[in-house]
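Report on the following structure.
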Amino acid sequence: MFPRISDLFNYLFGLNLNIPIQSYGLMMALAFLAGAIVLYFELKRKENAGQILVQQKKILKGAPASVSELGFSLLLGFLIGWKLIGLIIDYSSFSSDPQTFILSGKGSFISGLVLAAGLGYLTYYQKKKKQLYPPVSEEITVHPYQLTGNIVLIAAIFGITGSKIFDLFENIDALISDPIGSIFSFSGLTFYGGLIIAACAVIYYCHRNKITFPQITDSIAPSLILAYGIGRIGCQLAGDGCWGIVNNNPRPFWLGFLPDWIWSFQYPHNVIDEGIRIQSCSGDHCFILANPVFPTPLYETMLCFIIFLILWMIRKHLSIPGYLFSIYLILNGIERFFIEKIRINTVHEIAGVKLTQAEIIAVVLILLGCLGFYYFKKTNPQKPAQTISPGKQ
C-alpha cells in the first residue's frame with residue numbers, strides 16, 4: 001500500500017521521494033474540496049431557480065478589530081509558526097512520522113510567538129486602515145452559495161469530531177486501555193458518526209441563515225456521497241484497516257477480466273502494520289495480511305460514485321424538496337448495510353441479533369429515508385422563494 005503519497009509516486013515512476021503527505025489525509029482533503037464544489041454549484045442553481053432565499057443583511061462597516069478577531073489571529077499565527085517552522089527545523093522527525101510530530105509538543109515556540117504577533121498586528125492594521133468614525137451600518141446581499149466555505153468548514157470540524165466520538169464508543173476497550181492514544185489518533189473514524197454530528201451542525205447553521213431544511217439537505221446529498229467515495233480511496237491507498245473479511249475463495253469466472261486484487265487483496269505495507277512482516281522490506285510499514293481479504297473500500301468507492309451519478313441525474317426532476325435527500329438516505333443505507341456483510345467491524349448483539357454499529361445506523365437511515373417521502377410531501381408549502389429583508393428576519 002501507499003501510506004504516503006510519495007510511496008505511490010515511487011511505485012509508479014521508480015522514484016525515491018520522501019514527501020510527508022499521508023495519502024489518507026490527502027484524499028480526505030480532496031473529498032472536502034469535491035464536496036464543496038458540488039455544493040457551491042447546487043446552491044447557485046437553486047438560487048437561480050428561486051428555490052432558496054437570498055438575504056439582505058446589515059453589517060457594521062468601519063468598526064475596529066474585535067477581541068475575538070484579534071484572538072483568532074494570534075492563535076492561528078502561533079499554531080502556524082510553532083508547527084510550520086518547527087517541521088522545517090526538524091524535518092527528519094516530521095517526515096518519518098507526521099502524525100506523531102503534529103500531535104506532539106515539538107515545534108518552534110519562538111517562531112510561534114513571532115508569527116502570532118505579526119498576524120495579530122496585520123489584523124489590527126487592516127481594520128484600523130478601514131476604520132470609520134463612527135462606524136456605519138450597511139446593507140449587503142448574501143447569496144446562499146457564498147456560505148459554502150462556512151458550511152464545509154462546519155462539516156469538517158463537526159464531522160471529524162463526530163467520527164472520532166462514535167469510533168471511541170465502538171471501541172471502548174481500546175479507549176480504556178489507552179485513552180490518550182485513542183483520542184488523539186488519526187485512525188479510527190466512523191463515517192456515520194461524522195455524518196450525524198456534521199448534519200446537525202450544518203442544518204442548524206443553514207437554519208440561522210434562512211436556508212430551509214429540505215433545500216439544504218437536497219443540496220448536500222450529492223456532495224456527501226461523492227466526498228465519502230473519494231475518502232474511501234484514501235482508505236484503500238493507505239490500508240487503514242477498513243478492509244473486508246478473509247476471502248480465500250477463487251475469483252468468479254465472470255470477473256476474469258479484472259485484476260486479482262479487486263477480488264481479494266493482502267494490503268502489503270498497510271499503514272497500521274497489520275499481518276506478518278515482509279522479510280525483504282526495511283523501514284516503515286513492512287507488514288502484509290496473512291490472508292487476502294475483500295477490498296471493501298474499493299467497492300464502496302465504486303458504489304458511491306454510482307449513487308452520486310443517480311442523484312446528480314435526477315436532482316432537477318424531483319418537484320418536492322427533500323425527496324432527493326430521502327433517496328440518498330435509502331441508497332446510502334442499502335449500500336452500507338450490505339457491504340458490512342463482508343467487512344470487518346465490531347459486532348453488537350441486540351435482542352439476540354448480531355449487528356455492527358454501521359448496520360444499525362444503516363437500517364435507521366433507510367427507515368428515515370422512507371419516512372422522509374411522507375414528511376416532505378406533507379410539509380411541502382409549494383410557495384415561491386423571495387428575498388428576505390432585514391425587517392422580516
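Odds and ends about this structure:
- Yes/no for residue 229 being at pLDDT below 75 and either part of a helix (DSSP H, G or I) or surrounded by fewer than 22 Cβ atoms within 10 Å (Cβ to Cβ) (or both): no
Residues checked against (1) among the basic types (Lys, Arg); (2) outside any helix (DSSP H, G or I); (3) under 30 Å from residue 322 (Cβ atoms); (4) in contact with a helix residue (DSSP H, G or I) (Cβ under 7 Å, 6 or more places away or on another chain):
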residue: 31; (1), (2), (3), (4): no, no, yes, yes
residue: 39; (1), (2), (3), (4): no, no, yes, yes
residue: 63; (1), (2), (3), (4): no, yes, no, no
residue: 82; (1), (2), (3), (4): no, no, no, yes
residue: 87; (1), (2), (3), (4): no, no, no, yes
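- Here residue 39 meets the list (1) touching a Ser or Thr at 6+ places or on another chain (Cβ under 6 Å); (2) on the phi > 0 side of the Ramachandran plot almost entirely, failing just condition (2).
- In the range 178-226, residue modelled with the lowest pLDDT [restricted to those that are among the polar types (S, T, N, Q) and in a helix (DSSP H, G or I)]: 182
- Residue 232 vs. criteria in contact with an Asp or Glu (Cβ under 8 Å, 6 or more places away or on another chain) and more than 24 Å from residue 307 (Cβ to Cβ): no
- Within the range 1-29, the residues that satisfy the criterion of being in a helix (DSSP H, G or I) and buried (at least 19 other Cβ atoms within 10 Å of the Cβ) are 5, 7, 23, 24, 27, 28.
- Scope the range 320-354; condition at pLDDT 90 or above and of a type in the set (Gly, Ala, Ser); matching residues: 322, 326, 333
- Check on residue 47, modelled with pLDDT of 90 or more and surrounded by fewer than 20 Cβ atoms within 10 Å (Cβ to Cβ): yes
- Residue match in the range 343-353 (condition: under 23 Å from residue 258 (Cα atoms), outside any loop (DSSP other than H, G, I, E, B) and not small (Gly, Ala, Ser)): yes
The values are calculated or read from the model by the stated rules, or taken from the named source; none is laboratory data. None of the values given here were measured: they were computed from a predicted structure. Counting neighbours? That spans all protein chains shown, and the Cβs are built from the backbone with ideal geometry, glycine included.
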